[in-house]
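The values are calculated or read from the model by the stated rules, or taken from the named source; none is laboratory data. Because the structure is predicted, anything quoted here is derived from the model rather than measured. Cβ sites come from the backbone with ideal geometry, for glycine too, and all protein chains shown count toward neighbours.
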Amino acid sequence: MSLGPLAGELAPVLHPCGARPPRVPVECGDMPFVIRRDGKWLYRGSTIERKELVCLFASVLRRDEQGLFWLQTPAERGRIVVEDAPFVAVELNWSGDGTEQTLSFRTNVDQVVTAGPDHPIRVTFNPDTAEPTPYIQVRPGAGALGVEARINRATYYELVALSVVEQVGDARMLGVWSLGRFFPLGDAPEDDASDDQADIDDGADA
């Protein structure tokens, strides 16, 4: 499948002119797309430079029950390679404070996602270095794994600056509130949680 015909197929998906009967997409197998860890899209090894084209493809990105990523139109679908998360959260806006706080992220494809029950934040830690990698869910997948954006370093540091200490079960955790939901970022330090955030602040992945 070439890039041009696939882009053309997306036009009626984004701008439908009338109801159409549902149909099962033809499976095309592996497609020559790669989404790099930094959010860049490659087609046959070359970077897709046009942002509007990247946004167009991003709008039909799906994740199946096994966690695999697909580009899916009503007519065709094909698997693509995603090195980490398909999107990157590059900007944070917030309002309110405490349990009334609202955190909204802008992704590299200019989609705004507000953290909350439908868009949870999670953090993984490198088992060797303990460095955190934070994510926010952009939309659900077909299974347990959703389509996520990795929160970049600068945005993560802003997030840490808004963190507070809460008791989660038996653990004291540093985390953030948004839409009434508390999202842990890491363990609170034993001595002074308000002054020392080193457990989560040392090197979020860029």
>> Just the residues that are closer than 15 Å to ALA58 by Cβ and assigned to a strand (DSSP E or B), please, taken from the stretch 106-135.
In response: ARG106, THR107, VAL112, VAL113
>> The conditions are (1) out of contact with any Ser or Thr (no Cβ under 7 Å at 6 or more places or on another chain); (2) more than 19 Å from ARG181 (Cβ to Cβ), and ALA144 fails exactly one of them. Which is it?
In response: (2)
> Pick from TRP41, TRP94, TRP70: which is modelled with pLDDT of 95 or more, buried (at least 16 other Cβ atoms within 10 Å of the Cβ), within 30 Å of VAL164 (Cα to Cα) and of a type in the set (A, V, I, L, M, F, W, C)?
Replying inline: TRP94
>> Where the second residue is in a helix (DSSP H, G or I) and among the small types (Gly, Ala, Ser) and the first is under 16 Å from PRO140 (Cα atoms) and lies in the stretch 86-98, which pairs have Cβ atoms under 8 Å and are six or more apart or on separate chains?
In response: PRO86/ALA58; PHE87/ALA58
> What are the residues in the stretch 56-73 that are of a type outside the set (Val, Ile, Thr) and either in a strand (DSSP E or B) or closer than 17 Å to CYS28 by Cα (or both), if any?
Replying inline: PHE57, LEU61, ARG62, ARG63, ASP64, LEU68, PHE69, TRP70, LEU71, GLN72
> Going through the stretch 31-48 one residue at a time, which ones are within 11 Å of VAL81 (Cα to Cα) and not in a strand (DSSP E or B)?
Replying inline: ARG36, ARG37
> Which residues, taken from the stretch 122-157, are of a type in the set (S, T, N, Q), in contact (Cβ under 8 Å) with a residue 60 or more places away in the chain and surrounded by 14 or more Cβ atoms within 10 Å (Cβ to Cβ)?
Replying inline: THR133, ASN152, THR155
